[in-house]
Structures are given as C-alpha cells and as structure tokens.
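One structure is given below, encoded as structure tokens.
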Amino acid sequence: MRNHYQGKTILITGATGFIGSVLLQTLLTKLPGLRKVYCLYRNAPSLQDPRVTWIRGNTSEPAWGLGEDTLNRLREEVHFIFHLAAHTRWDLGLRDQVLANTLPSLYAAELAASCKQLESCVITSSYWAACHIKGSSQIAETVFQDYRGEAELAEILSSPSKARLAEWPNAYSYAKNLAERLVHQRYPQLPVVMARVTSACGAWQFPFRGACRYDNALPAFLRSIALGGVRAFPESMRLAINDAIPVDLCVNLLLANAIEHAGGSFTVIHCSSAKQNLPRLGAIAEMAGPIDYHPTYDDLYAALSELDNPRVAKLNRLIVDTYRLALEEKYVFLDSHARRPLRWMSAEDQALFPIDVNGVDWSELIVSMIDRMKAATREVPTGPRQGIAA
C-alpha cells in the first residue's frame, strides 16, 4: 500500500464529511510518501497540512465549478480520485436528488476521463441503490444495467416526472442507482470503482475505537435510542441485520480497491460486512437502551399515539419510517470483490490498513460508540438527519 501510493497525487471530494475526513486523516497519517492531496470544499476547511491543497468548488455544478486553470492542473497531476461528496438527506425531491447525487458522479467520471495519469476513480454509492432488486436476498457486486438511464435523466430534468421512483425506497436511493447506471453506460472502460457503502459506523481502530458522527445511518439510530427516548420497534427487528461497516475499514477498502482495479474498467464493490460477525439489529438496539417490541406496525403506531411525550412519539415514528427497510431482514450484500486485495496485501498492510471485518468485535465497537456518544453530549436530540451512509 505504501509503495503504491508513494509519490502519488490524490483528489478528494467530501473531505470534510464523515468518511472523507477519516480518509484524509488516513492518507496523511499512514501514507507519508504521498506527493499531494487536493480537497474540494464549499465551506472553509479547518485541517491544514503542507501536502493538502484546498480547492473551492461545488460538485453540483458542471466540472464542479472549477476554473480551466485548476482543471488543467488536476488533469496533469492526479492519479486517484475519491468522489465521496453526497447529499444524504431524504427530504429532497427527485429532481433535487438527481442534481445533488447523480450529476456530480457524472462530473467526477468526466474529469477522471481527462486525467493523463489516472489510475482509479473511486465513486461512493449506497447499498440503498440496489434495493429495487426483487426476488433475491443476496445482492451481487455488479451494476444492474438496463441502458434506460439516459432517458430517465432527461425526463427528470425536463419535467416534474417521477420516472421510475416507485421501484426504489426513496428518491435518494433512485438517484444513486441512476448515477451507477449512467457512469457505467458512458464510461464502461474507465477505471471506475463504484463503491456501495452500507451503514458507516464508528471506527474499529483509527483514529480511535468508536470515533463517529451521529447524524445519520446506524449511529443516528443508536443515538435516537440512547439519548432521544425512542423505544418502540417492530418484532421483526429482533432478527434483522442492518449491514454495517466501521468507517476506518470502509476507508481502507476504498484505498485498497483503488489499487486493485487501477487501470481496469468499471467495477462495483460493496463496503459491507456481508453478515460477518454482525449481531442482530435487535441486540444492537438493546445495547443503546430498553426496547419495546410490537408484533405489527399497526400495534407499534397505536402505542406511539398513546405516548405522553409527543416529541418522543414523533422521533420514534421518524426512525421507524426512515429505517423501515433495515428493520426487516431482506438483503445480504456480497463482498468478494471488495475483499480481493487481501490476496496481495502484506501482513504489514493488513495491520495498518485492515479491511477484513472478520477481525471486528461488533459488540465491543457498538459499546464504544454508545459510551463516547453519551460522554460527548447530554442533550436530547431533536431528531437525526434522514440520511444514510454516502
């Protein structure tokens, strides 16, 4: 890993986000031989390092809003692109989701195609992008291509159409799927690694155990129970498994697979646990606080309507509605592609950049996340962002 990144230049979007910030810390701490890291930003960054150059831009604009001089510099210097920026709220309409999450991925691939020294372009997607698949509980690491994406994109941008929104759980997941299909259709031979990230949770090792942000995905779910008073869930949650990945292992998977697929063509990986060692979701929830299970959703909603505290009832309903798909055991996200670097990673690599989730003690990790959360704040949240991992 260190040898391959020696002297290389990297471009990151989303470097101030949860996964992006850990990626940047990992690069600067564990890869001292890096030549330079360009980071796109909209809000003033806090981290300063002689190897980091911050570039103001906007991923929602064509060419990310960058001037021609900057673009030419990136085209000449960049070896790896990590496009992590995403809008993870679910309260946007379909057109806005496409502008925030579909078009920026196309701009990333367009820039990558013009980079003279490009080895890989890693674009983070979401496991929700594949949740339109019917009749299978095992999701393969492949793009589900039907070559209808261009027509769907044109329809969404030119009219109030919902296009095929009804096939996905929400507009966010549809916009992510549309990005996957369009990047693949336009750039099938470009070395793109489309990384479907499942529920990014606290770090297993780096920068320290339990390091986390609690505003979306599994961390927000735990926070709503531990600090928000959420208690009521469907009986199905006892046995459900919400696929999760520690944020540092996710970062290491991105870095290792950027090398694995360097110079190749479009590929899909799952930054996931594939149910390896992961406790049932009910057991995870019970680590955060006492849970009241209800046999049906009707029973659950009836119980919520009788709560004395309307704020807690509203938050509980929001959590159940937002994470309903995760509360029912449905999907296993296969990860054989993502684990391929284990074939060539040295023992030193695997110690410094662990990617094997079999080494994670999930109970210990969840407890660390909850303990750090409680230590960091005693305020009751008004509710989580309605988002998931990028």
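The values are calculated or read from the model by the stated rules, or taken from the named source; none is laboratory data. A quick note: this is a predicted structure, and the numbers were derived from the prediction, not measured. Backbone-built Cβ (ideal geometry, glycine too); neighbour counts: all protein chains shown. Please note that ligands, DNA and RNA were not included when accessible areas were found on the heavy atoms of the full protein model with its side chains. Shrake-Rupley method; radii C 1.70, N 1.55, O 1.52, S 1.80 Å.
If you average the C-alpha positions of region 171-208 and of region 20-43 separately, how far apart do those two centres end up, in angstrom?
Here the answer is 19 Å between Cα centres.
Give the separation of the Cα centroids, region 65-121 to region 239-314, in Å.
Between the Cα centre of region 65-121 and that of region 239-314, the gap is 27 Å.
Can you work out the Karplus-derived ³J(HN,Hα) for every residue in region 128-133? Use 6.51 cos²θ - 1.76 cosθ + 1.60 with θ = phi - 60°, whole Hz, and x for glycine or proline.
Once rounded to whole Hz, the list reads 5, 4, 9, 7, 8, 5.
Can you flag which of Lys30/Lys116; Lys134/Lys162; Lys176/Lys330 are past 23 Å Cα-Cα? Walk me through the numbers on the way to the answer.
Details: Lys30/Lys116 26 Å; Lys134/Lys162 20 Å; Lys176/Lys330 20 Å.
Violating the 23 Å Cα-Cα cut-off are Lys30/Lys116.
Return a whole-number percent for the relative contact order of region 158-244, with Cα pairs under 8 Å and 6 or more residues apart as the contact set.
20 percent.
What is the Rg over Rh value, at two decimals, for region 86-145, using alpha-carbon atoms and the Kirkwood definition of Rh?
Details: Rg = 14.3 Å, Rh = 13.8 Å.
Using Cα coordinates only, the ratio equals 1.03.
If you average 1/r over all unlike Cα pairs in region 314-378 and invert the result, what Kirkwood radius do you get in angstrom? Write down the numbers at each step before the final one.
Values: mean 1/r = 0.0643 Å⁻¹.
Final number for the Kirkwood radius of region 314-378 is 15.6 Å.
Quick check: the distance between the Cα centres of region 130-163 and region 316-365, to the nearest angstrom?
Rounded to whole Å, the Cα centres lie 24 Å apart.
Given R₀ = 22 Å, what would the calculated FRET efficiency be for Ile133 paired with Ala166, taking r from the Cβ atoms and rounding to 0.05?
Details: r = 15 Å, r/R0 = 0.67.
The value I calculate is 0.90.
What chymotrypsin sites (Phe, Trp or Tyr not before Pro) does region 323-358 have in DSSP loop regions with at most 16 other beta carbons within 10 Å?
Details: sites: Tyr323, Tyr331, Phe333, Trp344; in loops: Tyr323, Tyr331, Trp344.
Qualifying residues, ordered by number: Trp344.
Read phi for every residue in region 197-204 and hand back ³J(HN,Hα) as whole Hz from Karplus 6.51 cos²θ - 1.76 cosθ + 1.60, θ = phi - 60°, with x for Gly and Pro.
8, 7, 7, 5, 10, x, 5, 7
Grab the alpha carbons of region 194-305, take their convex hull, and tell me the volume per residue in Å³.
122
Which helices of the chain meet both criteria: a Cα extent of 15 Å or more along the helical axis and a mean Kyte-Doolittle score no lower than -1.0, with helices taken as whole DSSP H segments? Intermediate values should be presented prior to the final figure.
Working: long enough: 18-30 (18 Å, 1.28); 103-114 (17 Å, 0.88); 171-186 (22 Å, -0.80); 247-260 (19 Å, 1.44); 310-322 (18 Å, 0.01); 362-376 (21 Å, 0.43).
The qualifying helices are 18-30, 103-114, 171-186, 247-260, 310-322, 362-376.
Report the percentage of all Cα-Cα pairs in region 42-108 whose separation exceeds 14 Å, rounded to a whole percent. Show your work: numbers first, answer last.
Details: 1473 of 2211 pairs.
I get 67 percent for the Cα pairs in region 42-108 exceeding 14 Å.
Provide, in order from the shortest bin, the percent of all Cα-Cα pairs of region 254-390 in each 10 Å bin, continuing until the bin that contains the maximum pair distance.
Binned Cα distances yield the sequence 9, 29, 31, 20, 10, 2.
Largest first, please: the extent of the C-alpha atoms of region 270-345 along each principal axis, to the nearest Å.
Computed over region 270-345, the largest-to-smallest principal extents equal 58, 21, 21 Å.
Lys374: which aspartates and glutamates have alpha carbons under 19 Å from its alpha carbon, excluding same-chain residues fewer than 8 sequence positions away?
Asp215, Glu286, Glu364
Can you match Rg and Dmax of the Cα atoms in Å to one of these, (i) 27.9, 93; (ii) 20.5, 63; (iii) 21.8, 74, based on a calculation from the structure here?
(ii)
For the chain, what's the relative contact order in percent, using C-alpha pairs closer than 8 Å and at least 6 residues apart? All intermediate terms of the calculation are to be shown ahead of the outcome.
On the way: 754 pairs, mean separation 76.7, N = 390.
Averaging sequence separation for qualifying contacts and normalising by length gives 20 percent for the chain.
Give me Rg over Rh for region 35-78, both radii from the alpha carbons and Rh done the Kirkwood way, two decimal places.
Values: Rg = 10.8 Å, Rh = 11.2 Å.
When Rh is taken as the Kirkwood radius, the ratio is 0.96.
So for Lys30, Lys275, what's the accessible-area order with a 1.4 Å probe, most first? Mind showing how you got there, number by number?
Numbers: Lys30 25, Lys275 65 Å².
The ordering from most to least exposed comes out as Lys275, Lys30.
Summarise the long-distance tail of P(r) for region 29-153 by giving the % of C-alpha pairs beyond 24 Å.
On the way: 2992 of 7750 pairs.
Roughly 39 percent, once rounded to a whole number.
Tell me the Kirkwood radius of region 161-208: reciprocal of the mean inverse pair distance over distinct alpha-carbon atoms, in Å. Walk me through the numbers on the way to the answer.
Working: mean 1/r = 0.0749 Å⁻¹.
In region 161-208 this quantity evaluates to 13.3 Å.
Give a quick list of GluC sites (Glu not before Pro) in region 279-380 that DSSP marks as loop, anything other than H, G, I, E or B, with at most 11 other Cβ atoms within 10 Å. Write out the running numbers ahead of the final one.
Working: sites: Glu286, Glu306, Glu328, Glu329, Glu348, Glu364, Glu379; in loops: Glu306, Glu328, Glu329, Glu379.
Sites meeting the loop and neighbour criteria: Glu306, Glu379.
Modelling each spin label as a point 7 Å along the Cα-to-Cβ direction, I'd like the Arg324/Leu157 distance in nm, to one decimal.
Going from the Arg324 label point to the Leu157 one covers 3.2 nm.
When the expected Rg is taken as 2.2 N^0.38 Å, what fraction or multiple of it is the alpha-carbon Rg of region 139-179? Could you put the intermediate results ahead of the total?
Details: Rg = 10.6 Å, N = 41, 2.2 N^0.38 = 9.0 Å.
Compared with the compact-globule rule of thumb, region 139-179 sits at 1.18.
If amide H atoms are built 1.01 Å from N in the plane of the peptide, which residues on other chains or at least 5 residues away come under 5 Å of the amide H of Phe82?
Amide H to amide H, under 5 Å and 5 or more residues apart or across chains, Phe82 pairs with Leu11, Ile12, Thr13, Val122.
Normalised by the number of residues in region 1-87, what is the relative contact order in percent for Cα pairs under 8 Å and 6+ residues apart?
Details: 130 pairs, mean separation 33.0, N = 87.
Worked out over region 1-87, it gives 38 percent.
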